[in-house]
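See below for the structure under consideration.
The values are calculated or read from the model by the stated rules, or taken from the named source; none is laboratory data. All values derive from a computational prediction rather than experimental measurement. Don't worry about glycine lacking a Cβ; one is built from the backbone with ideal geometry, like all the others, and counts go over all protein chains shown. Just so you know, the surface numbers come from the protein's heavy atoms only, side chains and all, with ligands and any DNA or RNA stripped out. Shrake-Rupley method; radii C 1.70, N 1.55, O 1.52, S 1.80 Å.
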Amino acid sequence: MSAGALVSGLSVRKIRSRWVWLILAAAWLALYLAFHGTSTLPLSASSTTSVQNNLNSFNNNISNGRNSNPVFLYGVNYVQVGMTHFVSFLQSLISQPGFGRPAPLIGWLGVIAIVGFVSWLTAGWKYAVLGVVGFYILGLQGLWQESMDTLALTIAAVLIAVVIGVPLGIWIGLHDRAQHIVLPVLGFLQTMPSFVYLAPLTLLFLIGNASATIATLIFAIPPVIRLTDHGIRAVAEPTIEASDSLGSTTWQKLVKVLLPMSRRTIVLGINQTMMAALSMVTIAALISAPGLGQVVIDALQTLDVGTAFNGGLAIVVMAIVLDRTTSAVGERSQQVGGRHLLGPQARRLAFGAGAVVTLWAVVESAMYVWANTFPSSPTIGPAIVAGASNASNWVQSTFSGITVGLRNDVTIAFLNPLQSMLTNAPFWLVILGLCAIAMIIGNARVAIVTLISLLLIVGTGVWQDAMQTLAMTIVATVLTLIIGIAVGVWMGRNRQVDRFIRPILDAFQVMPAFVYLVPFLALFGASRFTAIIAAMAFAIPVVVKVVADGIHGVPAPAIEAATAAGSSTWQLITRVQLPLATRSLALAANQGLIYVLSMVVVGGMVGAGALGYDVYSGFVQAPLFGKGLAAGLAIVLLGVVLDHISQSAANRIDPSRH
Amino acid sequence: MSGSMTPPTARLAPDGRAGDLEAPDDEGLLRVRDLWKVFGKRAAEIQGSQDLRALSRRELIDQTGCTAAVRDVSFDVAVGEVFVIMGLSGSGKSTLVRCLTRLIEPTGGSIEFDQSDLLQVDHKQLREVRRRQVSMVFQQFGLLPHRSVVSNVAYGLEIRGAGKAERVARAHEMIELVGLSGYENSFPHQLSGGMQQRVGLARALAVDPKMMLFDEPFSALDPLIRRDMQAEVIRLHHEMGKTMVFVTHDLSEALKLGDRILIMRDGEAIQLGTGDELVGAPADDYVRDFVRDVPRQDVLTLRWLAQPAKPGEDLGGLALSQHTLVRDAIRPVLESSSRVRVMDKDRLVGLVGREEILAILTSDQK
């Protein structure tokens, strides 16, 4: 097909589809006016449906059968006990009393020494300083034990993730068929909001460390599998062939060629897995995982901004230390034959000295209280709590005109109308509308997936809450895309801006989801708007990056030609760069939706209500467990619908499929 | 000048068709017979079907979706010979050379190396062959970026279980041999392309193989470096006398290095012969096209020019061996008063005069 025919074909389709949209919208509105207020499936916060009650009794049955059902007796219970022991072991090492001692085996001095020594060995002295200072700050904040609990859980999940994930990644890297099976599963896992893993796992593994670690493991394992697979596949073919030609066995090839050459990518995968694990461990506080997450949740529940800020800050500090250090390990493993500051002799000496000091610190911290329990003074914790709390009060009273105004404007202008439309429309009309959209943007298959998922949501009994969550998700996603595309275009067009903004985005992305709630809670109080803003802050970095990469990927000749033809900057953006980056825009929308949804439900804890709150109350109140589980299911189903529709939009634009 | 020349004696004129040619002597190191490599889901059935085997490459793709990369190729390589496989890209030469140690598994045929059929051995034996008998040099070098030069060179010894001291000593020897002394502890990315390929060469030599395979080893290098490396291979061949199978798309490289040259097209062997045979008696237009621009005086020998003596002609003039290059015979022939005798040892092959020499020089001018 010639380029001209292609263009005219596209525009004909565009005009036709514009009519379709108009007619559809008109028909929907007409039906809405005729039927609104009927079949809206309301359900008050404390009441439950029979399906939910059944889930509740299902949970009870499982609890009662825990010691008689063979699946539990010979499988699940062992996993649960093993996992609990593994975590307690790590906890008794660094955070909790254990091994018959009143205190952890390794105290703060020992932990800090090990962090410093290991970072020095693997990443360099700068990172050793970062690690030592960072961990010392955790202690100063008065959160040493909580931090170590979080660290123990994170390490437990990451160790298991690496032990399972790296071999699995190697396997699918070497076998196409296995890859075709595993990758879609990982994709599905990654679209699920972190929140929803928790309830089903407590069903199996009870509330506590076992469930928390397994939830973290499931949430965090995809990156290490994916990147190991990617690293193995990226090894240059000639090198593999050369190794074969010299008679390597499969094992030799793996150990001497594939793994060393993909080391950097695998370490990057471990880094991402670690950050995901840290994020999830803090959220797992909802199922009573100990640590910093607990501090933040307790504070959020009482709207104690100061304490939440202190806990959030500690999470950020730990995230920075873990992220920077593991990234540096990755970058370092790439520099082959790098220069060393010291000669080999001096290096050995420094290593020995470091080892001796570390050993001394560990032994000292095992023997003496001063080195074991972090001293209660000096401390900066109370100062941070008070400072943040005062700052929040000051901002809220001083700028209440702006913050409350902004909150109310967005809520009244966008959120309320959309929400009342979705919740007042009969459920079948909403389903009809979404299926029609799925049909037009995607195809029959997408429409059927949408239909089934939405009917299942009706079945869960939390339809109205799902519609509220949907309304918040849509508003937050639209705002996210507006800001994200604007910044992304700016970044994509200007390398300098990119260099400046990208590190900030990277920093935002390693922050555990929880942390986002704190500052916005301080600014806007408990409300749906807080959840929306937090979701935007969570999703914008991803959207900006995808858009910027898309804009930057527009072929230079196209831009040169358009510039030569005398286009203005605005024309260049709207007629050349954005149209050629449509696929990136669709992908950005997809990612934006998924990220926003996962954060909006977490926002249920700070007054956003809806599905997130249902899940949350399920953890807290036993009679509502079934409802919480149903709400979690509804979140997954909502995620499936949004992902499928936006994904099919992106696929349709894929030029390679024409 | 397009017509092929006819050497005067029938004995010297093999038609060059692959499959008919035996190695120059009976001590063949490698005997390849009826080798096939077909890519595609139905590869196996093509091997068994005469009808399918008879199809052209295009027809085969249309009918079965399979691509025959190597079609019924046979040749022998003698001990110490440099055997060149030449063809354009897509002619199947790289596939063929990979089939020789089953880096690509052949579909059918036989490969007899040093009295054992490589297609019958199990994977363990095959690994032994790759570790000790046959090594390979690649176009893209295939070095391990995370290892130093010395460790790259020692890699082949390492995987066959040689001790550290032994393999490091051997690696240093090889590094010196290929002229990389002083770079032992450098890493591949710190070296130029030519130096990287020297590492590849040293790595292949380090295992002390009976035969070395080269897959377009110098195509990725710039012309000056390429010339150096060709000289290097010639030097190494003189010093070590290794049997070599050398794949290239560059005719001048083939003529420079090869004792004999196999020309391939669409997976088939078109002609097998020495350089002067290809230039003097191209098997078809494809080969003729290939050798069109070769300076014939540099390739052809006097036997291709010798004419029968006329009755009563003076046979007392200068005598030259039939293997003398035309280039080297120009001056003696032009200066000689009578036609020059071309000799196969003591036997008279024919006579060459100014006319024949000038015809060659004129055709080279075009």
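Please tell me if B:GLU45 is within 14 Å of another protein chain (Cβ to nearest Cβ) and open to solvent by 50 Å² or more (accessible area, probe 1.4 Å). Lay out the reasoning, then the answer.
Values: within 14 Å of another protein chain (Cβ to nearest Cβ): no; open to solvent by 50 Å² or more (accessible area, probe 1.4 Å): yes.
No: the conditions fail for B:GLU45.
Can you confirm whether A:MET421 is in a helix (DSSP H, G or I), in contact (Cβ under 8 Å) with a residue 12 or more places away in the chain, open to solvent by 20 Å² or more (accessible area, probe 1.4 Å) and outside the structural domain of A:LEU138 (by TED's automatic domain parsing)? Reasoning before the result, please.
Values: in a helix (DSSP H, G or I): yes; in contact (Cβ under 8 Å) with a residue 12 or more places away in the chain: yes; open to solvent by 20 Å² or more (accessible area, probe 1.4 Å): yes; outside the structural domain of A:LEU138 (by TED's automatic domain parsing): yes.
Yes: the conditions hold for A:MET421.
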Near pairs, Cβ below 6 angstrom, 6+ apart or cross-chain, from region A:215-243 (outside any helix (DSSP H, G or I)) to any residue that is open to solvent by 10 Å² or more (accessible area, probe 1.4 Å): A:VAL235/A:MET261
Residues of region B:167-217 satisfying the condition of being under 19 Å from B:GLU253 (Cβ atoms), among the aliphatic types (A, V, I, L, M) and either open to solvent by 60 Å² or more (accessible area, probe 1.4 Å) or more than 14 Å from every other protein chain (Cβ to nearest Cβ) (or both): B:VAL178
Residue under evaluation B:ILE357, criteria (1) of a type in the set (A, V, I, L, M, F, W, C); (2) part of a loop (DSSP other than H, G, I, E, B); (3) under 20 Å from B:LEU278 (Cα atoms), criterion not met: (2)
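Give region A:191-239 a look and list any residue that's of a type in the set (D, E, K, R) and closer than 16 Å to A:GLN272 by Cβ, or say none. Steps first, please.
Initial filter on region A:191-239 (of a type in the set (D, E, K, R)): A:226, A:229, A:233, A:237.
A:ARG226, A:ASP229 - these are the residues of region A:191-239 that are of a type in the set (D, E, K, R) and closer than 16 Å to A:GLN272 by Cβ.
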Unmet criterion (only one of (1) more than 26 Å from A:GLN647 (Cα to Cα); (2) away from every other protein chain (no Cβ under 14 Å); (3) of a type in the set (D, E, K, R)) for A:LYS253: (2)
Residues of region B:349-366 satisfying the condition of being over 31 Å from the mean Cα position of the chain (by Cα) and either over 29 Å from B:ASP293 (Cβ atoms) or of a type outside the set (Gly, Ala, Ser) (or both): B:LEU351, B:ARG354, B:GLU355
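A quick yes/no check of all residues on (1) under 23 Å from A:ALA289 (Cβ atoms); (2) within 8 Å of another protein chain (Cβ to nearest Cβ):
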| site | (1), (2) |
| --- | --- |
| A:PHE205 | yes, no |
| A:ASN209 | yes, no |
| A:ILE218 | yes, no |
| A:ILE225 | no, no |
| A:THR228 | no, no |
| A:GLY231 | no, no |
| A:SER243 | no, yes |
| A:LEU246 | no, yes |
| A:THR249 | no, yes |
Hits in region A:548-570 (condition: under 22 Å from A:ARG499 (Cβ atoms) and assigned to a helix (DSSP H, G or I)): A:ALA548, A:ASP549, A:GLY550, A:ILE551, A:HIS552, A:ALA556, A:ILE559, A:THR569
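Report whether or not B:ASP228 is open to solvent by 30 Å² or more (accessible area, probe 1.4 Å) and more than 14 Å from every other protein chain (Cβ to nearest Cβ).
Working: open to solvent by 30 Å² or more (accessible area, probe 1.4 Å): yes; more than 14 Å from every other protein chain (Cβ to nearest Cβ): yes.
The answer is yes for B:ASP228.
Within region A:373-384, does at least one residue satisfy the condition of being over 18 Å from A:TRP144 (Cβ atoms) and either in contact with a Ser or Thr (Cβ under 9 Å, 6 or more places away or on another chain) or of a type outside the set (Lys, Arg) (or both)? Explain how you work it out, then say what you get.
Residues of region A:373-384 that are over 18 Å from A:TRP144 (Cβ atoms), as a first pass: none.
Checked against the condition, which is being over 18 Å from A:TRP144 (Cβ atoms) and either in contact with a Ser or Thr (Cβ under 9 Å, 6 or more places away or on another chain) or of a type outside the set (Lys, Arg) (or both), region A:373-384 yields no hits at all.
For region A:422-430, indicate whether the set of residues that are over 30 Å from A:MET148 (Cα atoms) and in contact with a Gly (Cβ under 7 Å, 6 or more places away or on another chain) is non-empty. Lay out the reasoning, then the answer.
Taking region A:422-430 and keeping what is over 30 Å from A:MET148 (Cα atoms), we get A:422-430.
Now restrict to residues that are in contact with a Gly (Cβ under 7 Å, 6 or more places away or on another chain): A:424.
Yes, the conditions are met somewhere in region A:422-430.
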Residue match in region A:598-606 (condition: of a type outside the set (Gly, Ala, Ser), assigned to a helix (DSSP H, G or I) and farther than 24 Å from A:ASP304 by Cβ): no
Conditions (1) at pLDDT below 75; (2) in contact with a helix residue (DSSP H, G or I) (Cβ under 6 Å, 6 or more places away or on another chain); number of the one not met by A:VAL71: (2)
Unmet criterion (only one of (1) over 26 Å from the mean Cα position of the chain (by Cα); (2) away from every other protein chain (no Cβ under 14 Å)) for B:VAL77: (1)
Selection from region A:256-306 of residues that are within 14 Å of another protein chain (Cβ to nearest Cβ) and not in a helix (DSSP H, G or I): A:SER262
First in region A:87-104 and assigned by TED's automatic domain parsing to the domain that holds A:GLU146 and among the aliphatic types (A, V, I, L, M), second anywhere and open to solvent by 40 Å² or more (accessible area, probe 1.4 Å) and not in a helix (DSSP H, G or I), Cβ under 8 Å, 6 or more apart: A:LEU93/A:LEU105; A:ILE94/A:LEU105; A:ALA103/A:PRO97; A:ALA103/A:THR373
Every residue from region B:107-144 that is more than 23 Å from the chain's Cα centre (by Cα) and open to solvent by 60 Å² or more (accessible area, probe 1.4 Å): B:GLN120, B:ASP122, B:HIS123, B:LYS124, B:GLN125, B:ARG127, B:GLU128
